[in-house]
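Everything on this sheet refers to the single structure shown next.
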Amino acid sequence: MKNLKFGSLDAAPNVRRVKDMKDVILDKEWAENNLDLELYYMYRDLFMDEDRESVVKYNLRYDITVIPPLSIGREYVKTMGHYHSECSPGFTYPEIYEVLDGRAHFLLQKVTGGRVDEVVLIEAKAGEKAIMYPNYGHITINPGTETLKMANWVSREFSSVYEDFVRLGGGAYYELVEEKFIKNTNYRDVPPMKRVEVTNIPELGIVSGVDMYSLIREPQKLHFLNYPQDYNWVF
Ligand SMILES: [Fe+2]
């Protein structure tokens with residue numbers, strides 16, 4: 001995959017291959033036979049020159065992820081899956097995504113007392129947003145025949161926590177090409193999947209069809225990404 005031009009940046013991707021995430025792929029035999037196959041591309045910390053200072057000052061990061069259409073064995077191609085690190089007692093960092101091209105299935109899951117007690121699916125298409133709530137892990141699936149290109153704003157302090165997804169062989173559900181969603185039997189008592197609408201929070205500038213990158217020019221609207229504990233009305 002080629003570099004991504006963003007303003008004056010010529011960003012090289014981090015490439016995720018089958019061998020990096022074979023533990024979370026349902027079809028192990030397929031994975032073993034395709035270890036070097038490239039699955040998706042992450043372009044981290046993008047900014048226009050004029051926004052560089054704000055991005056650092058407000059402790060934010062803008063990334064773009066590109067996921068070409070593919071089936072990975074019986075499943076649709078997906079991201080590795082992770083939880084987020086904690087930012088204040090009882091809150092992990094939230095994150096906000098915008099689909100730039102294609103379609104996304106955002107699958108969120110919340111753990112309480114060692115087991116997943118909520119699973120949420122947000123289906124989004126170009127221009128639509130999806131919030132990753134504090135204390136939810138998430139994976140993104142490309143269920144389409146087009147390339148999925150998506151962007152996210154997140155705290156610069158944030159880190160990804162992969163262990164639970166690796167240990168349990170993926171998210172609580174797998175999205176299969178033929179049979180749609182099936183439960184991951186490595187989890188105990190997987191709850192039914194709730195479908196939730198895409199996120200629109202006009203007070204924070206999160207509106208379908210309105211470009212999300214430019215929120216850096218109104219950084220108070222991205223304040224919630226570092227201080228979710230101050231946003232009870234959102235979470
Ligand atoms: Fe995330």
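Values in this text are rule-based calculations from the coordinates and carry no lab data. Computed from a predicted structure; not experimentally measured. Positions of Cβ are backbone-derived with ideal geometry, glycine not excepted, and every protein chain shown enters the neighbour counts.
For the options A31, A172, A12, a Gaussian network treatment of the chain with springs between C-alpha atoms closer than 10 Å singles out A12 as fluctuating the most. Panel order for T65, T145, by other beta carbons found within 10 Å of each beta carbon, from fewest to most: T145, T65. For W30, W233, the sequence from fewest to most other C-beta atoms within 10 Å is W233, W30. Farthest toward the dipole's positive end in the chain, which of G127, Y227, F106, given Cβ charges of +1 (Lys, Arg) and -1 (Asp, Glu) about the Cα centre? About the Cα centre, the residue reaching furthest to the positive side is F106.
Neighbour counts of C-beta atoms inside 10 Å place E95, E123, E218 in the sequence E218, E123, E95, starting with the fewest. Straight Cα distances below 13 angstrom link K2 to the aspartates and glutamates D10, E38, with same-chain residues fewer than 8 positions distant left out.
The aspartates and glutamates within cross-link reach of K183, meaning a Cα-to-Cα straight distance under 20 Å and a gap of 8 or more places when in the same chain, are D23, D27, E29, E75, D117, E118, E123, E163, D164, E175. Binning the C-alpha pair distances of region 1-130 at 10 Å intervals from 0 yields a P(r) profile of 10, 32, 38, 17, 2 %, listed from the shortest bin outward. Its residue count N fixes a reference of 2.2 N^0.38 Å for region 13-226, and the Cα radius of gyration divided by that reference is 0.99. The dipole here belongs to region 134-235: it is taken about the Cα centre, uses +1 on the Cβ of Lys and Arg and -1 on the Cβ of Asp and Glu, and is about 80 debye. Basic side chains Lys and Arg get +1 at the Cβ, acidic Asp and Glu get -1 at the Cβ, and with that the dipole of the chain about its Cα centre reaches some 220 debye. The eigenvalues of the Cα gyration tensor, multiplied by 5 and square-rooted, give region 172-234 an equivalent ellipsoid with semi-axes of 33, 16, 10 Å from largest to smallest.
Using the structure shown, list the pairs from K5/K125; K19/K78; K19/K125; K5/K57; K110/K180; K78/K149 with a Cα-Cα distance above 19 Å, or answer none. Result: K5/K125; K19/K125; K5/K57; K110/K180 exceed 19 Å.
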